[in-house]
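Inspection log for the structure reproduced underneath, given as structure tokens.
The values are calculated or read from the model by the stated rules, or taken from the named source; none is laboratory data. This one's a predicted model, so the numbers in the text were calculated from it and none came from an experiment. We place every Cβ from the backbone using ideal geometry, glycine too, and count neighbours over all the protein chains shown.
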Amino acid sequence: MKLIKSAIAGTYESSDAFVRVEPAEGVKIDLESSVMDQYGDSILASVRDVLKNLDVSGVSVAITDKGALDCTLRARVETAIFRACDAMDNIPWGTKI
């Protein structure tokens with residue numbers, strides 16, 4: 001998938017994550033998390049997995065995590081990617097991640 005604009009998903013509420021994606025060269029992930037020491041590596045692996053499954057290669061991802069479950073984090077990244085691609089129809093929600 002090719003990103004054509006910046007997009008966001010999520011909130012700054014407890015147990016959620018705020019995700020911003022924008023077109024870029026390569027893949028860059030910036031993570032700020034309240035559980036970085038315990039789950040930082042797992043969060044980064046999940047984000048990379050979603051990007052790989054959606055075939056996204058040119059993206060900058062900024063995440064502010066407030067203890068979101070893995071399924072929530074994946075949904076936020078997926079939503080931001082689809083919004084950044086202007087995907088409106090036939091979105092394969094959940095089937096790609």
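Annotation note: Cβ proximity below 6 Å between a residue of the range 61-76 that is assigned to a loop (DSSP other than H, G, I, E, B) and a residue that is modelled with pLDDT of 95 or more and charged (D, E, K, R) (sequence gap 6+ or interchain) occurs for Lys66/Asp16; Ala68/Asp16.
The sole residue among Ile91, Ile43, Ile63, Ile97 that is modelled with pLDDT under 95 and buried (at least 16 other Cβ atoms within 10 Å of the Cβ) is Ile97.
Checked against (1) in a strand (DSSP E or B); (2) of a type outside the set (S, T, N, Q); (3) in contact with a Cys (Cβ under 7 Å, 6 or more places away or on another chain), Phe18 meets all criteria but (3).
Note on the range 44-60: among residues that are of a type outside the set (Val, Ile, Thr) and in a helix (DSSP H, G or I), the one that is farthest from Ile29 (Cα to Cα) is Asn53.
The C-beta contact set for the range 46-59 (first residue surrounded by fewer than 19 Cβ atoms within 10 Å (Cβ to Cβ), second residue outside any helix (DSSP H, G or I) and small (Gly, Ala, Ser), distance under 8 angstrom, 6+ apart or interchain) comprises Ser57/Gly26; Gly58/Ala24; Gly58/Gly26.
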